[in-house]
Amino acid sequence: MSAFAYRDGELFVERVALSAIAARFGTPCYVYSRAALEAAYREYDEAFAGAEHLICYALKANSNLAVLGIFARLGSGFDIVSGGELARAIAAGGDPAKVVFSGVGKRASEMEQALAAGILCFNVESAEELARLDAVAGRMGKRAPISFRVNPDVDPKTHPYIATGLAQSKFGVAFADAPALYRHAAKLPNVAVHGLDIHIGSQITELEPYREAARKALDLVDVLRAGGIALTHVDLGGGLGIRYRDEHPVRISEYAEMVRDLFRGRPERLVFEPGRRLVGGAGVLLTKVEFLKPGAVKNFAIVDAAMNDLLRPSLYDAWHPVDAVRPRAGDVKEWEIVGPVCESGDFLARGRHLALAPGDLLAIGAAGAYGHVMSSNYNSRPRACEVVVDDSQAHLVRRRETVEDLFAHERVL
Ligand code: LLP
């Protein structure tokens, strides 16, 4: 059962009415369900029960400390892409020994921070990064555990901005270059070769691209083993999609069956980096209708959330469900749901059929992933607060920014 459901004509999250959250914390406000977060993690984890595996939640999807803490307590590791994310994971109670570090542009200071913390693995994405890491580790008297992120050149059939495993993408090292890089790395004094990593994209709804990429990865692992380089883990990345509208995302059970079949009898431990799948469906963005502006061509419902709060519709033309918190009887019209930001690209949803009145609350669904984390202060709008609901309790886990926060780091000359 979904954590978000109507009861007596009103939308609830677990046992709390969204209208009560709006009254207490104001809008716009991100609301997450603890039960939904835990259920999503457990589904992934249990699908691999019996197989040696580690889930490293990709915290770029939602890095609120409360969310990270919930996953850390369930035993999750973390996939990070910056020193800031490492600090967050640790502040939330995450175990650095379960952290993998991805990303094409790791700074020397971030490498130092991660080596000092004792992370599980660096997912190295280029020859130059390897050289830098070897040098940094050498200066610190440490050996850096590494994987290469290999680009399998597989089409994940997703939005071009979030496809990462194609030959033309900036991510990973080319498949053809990988064996020589591994041989080179194996000779370096300050790195230890541990694994192989692939991540082909995000919001992937089909199984085939995964199968193709995983097969290619295993062929490479076998080539390396034959050449005397035995890897201890294979990181299959993240990317499993969720339902926003009418997609039929791959079921975790199907994905797990495919992976288990490929890895049956193999010695490598499995690592995964899911982001969206663990948090996307567990959150909504709660917003209030400020004004209705019916027009000759289009009807605009101007709400108090905007592209600075939820960028996905503007950036990717993404479709998020929009539901009235208390659906009203009356005239259903087609609405453009837009924010107050001074850009025509500032829309949250288009062409939605709703009966609306000023003051109504709307829940923008499937907003738990890449929502608050991608928000900004554009138009000097304080960022929204975040709330986690746990059964009948609502906890404020990030306060709304104040106007003073907006320019606290600036000064007049
Ligand atoms: N691992 C790596 C190396 C990644 O780059 C990503 C996401 C993930 C794991 C997690 O992918 P997920 O399981 O969440 O699909 N802002 C975009 C999504 C960008 C994804 C970037 N990389 C959006 O709002 O759709």
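Quick note: the coordinates plus some simple rules give every number you see, no bench work behind them. On a predicted model such as this, the values are computed, not experimentally measured, just so you know. Positions of Cβ are generated from backbone atoms using ideal geometry, with glycine treated the same way; all protein chains shown enter the neighbour counts.
Taking a temperature of 25 °C and a viscosity of 0.890 mPa s, what whole-number D in µm²/s does Stokes-Einstein yield for the chain with Rh from Kirkwood over alpha carbon pairs? D, rounded to a whole number, is 109 µm²/s.
When both the range 360-387 and the range 43-93 are represented by their alpha-carbon centers, they are found 22 Å apart. Taking other Cβ atoms within 10 Å as a rough exposure proxy, V31, V173 sort from fewest to most as V173, V31.
How would you classify the range 296-340 from its alpha-carbon gyration tensor, with a ≥ b ≥ c the square roots of the eigenvalues: rounded for a/c under 1.5, else prolate if a/b is greater than b/c, otherwise oblate? Mind dumping the intermediate values first?
On the way: a/c = 1.95, a/b = 1.54, b/c = 1.27.
Cα axes put the range 296-340 in the prolate bin.
Based on alpha-carbon atoms, the Kirkwood radius and the radius of gyration of the range 28-117 give Rg/Rh equal to 0.99. Neighbour counts of other Cβ atoms within 10 Å put I162, I198 in the fewest-to-most order I162, I198. Once the Cα-Cα distance is subtracted from the 0.36 nm per residue extended length, the K293 to K333 segment shows a gain of 13.2 nm.
Each residue in F347, F407 was given a count of other beta-carbon atoms within 10 angstrom of its own, and listing them fewest first yields F407, F347. Straightening the chain between M374 and A180 buys 66.1 nm, computed as 0.36 nm per residue apart minus the Cα-Cα spacing. The simple Förster model, with R0 at 30 Å and r as the Cβ-Cβ distance, assigns Q393 and A51 a FRET efficiency of 0.25.
Estimated from the Cβ-Cβ distance and a Förster radius of 56 angstrom, the FRET efficiency linking R132 and D317 is about 0.90. Counting only lysines at least 8 places from K216 when in the same chain, those with an alpha carbon closer than 23 Å to its own are K157, K170. Charges were assigned to the Cβ only: +1 to each Lys and Arg, -1 to each Asp and Glu. The resulting dipole of the range 255-413 about its Cα centre is roughly 260 debye. Dividing the mean sequence gap of close Cα pairs (under 8 Å, 6+ apart) by how many residues the range 95-157 holds gives a relative contact order of 34 percent. Can you tell me the relative contact order of the range 231-344? Whole percent, Cα pairs under 8 Å, sequence separation 6 or more. Normalised by residue count, the contact order of the range 231-344 is 26 percent. Each Lys and Arg contributes +1 and each Asp and Glu -1, all at the Cβ; summed about the Cα centre of the range 118-243, the dipole is approximately 400 debye. Report D for the range 116-275 in µm² per second (integer): Stokes-Einstein, Kirkwood Rh on Cα pairs, 37 °C, 0.692 mPa s. For these conditions, the coefficient is 202 µm²/s. Calculated mean residue ellipticity at 222 nm for the chain: -8500 deg cm²/dmol, from DSSP H runs with n ≥ 4 weighted as -39500 (n - 2.57), summed, divided by the residue count and rounded to 500. With Cα atoms as the point set, the range 265-411 shows a radius of gyration and Dmax of 17.8, 66 Å.
Cross-link partners for K98 among the lysines, with Cα-Cα distance under 23 Å and sequence neighbours closer than 8 places in the same chain left out: K60, K106, K142. Write out the GluC sites (Glu not before Pro) in the range 1-69 meeting two conditions: DSSP loop, and at most 15 other Cβ atoms within 10 Å of their Cβ. Sparse-neighbourhood loop GluC sites (Glu not before Pro): E52. In debye to the nearest 20, how big a dipole does the chain give about its Cα centre with +1 on each Lys and Arg Cβ and -1 on each Asp and Glu Cβ? Approximately 480 debye in magnitude. Taking 7 Å steps out from each Cα toward its Cβ at K142 and S344 produces label points 5.1 nm apart. Rounded to the nearest 5, the antiparallel percentage of DSSP beta bridges internal to the chain is 45%.
Between E208 and E410, what length in nm is gained on full extension when 0.36 nm per residue of separation is reduced by their alpha carbon distance?
Gain on extension, E208 to E410, equals 67.7 nm.
Normalising the average separation of contacting C-alpha pairs (under 8 angstrom, six or more residues apart) by the number of residues puts the relative contact order of the chain at 19 percent.
Only lysines eight or more places from K298 in sequence, or on another chain, were considered; those with a Cα closer than 19 Å are K333.
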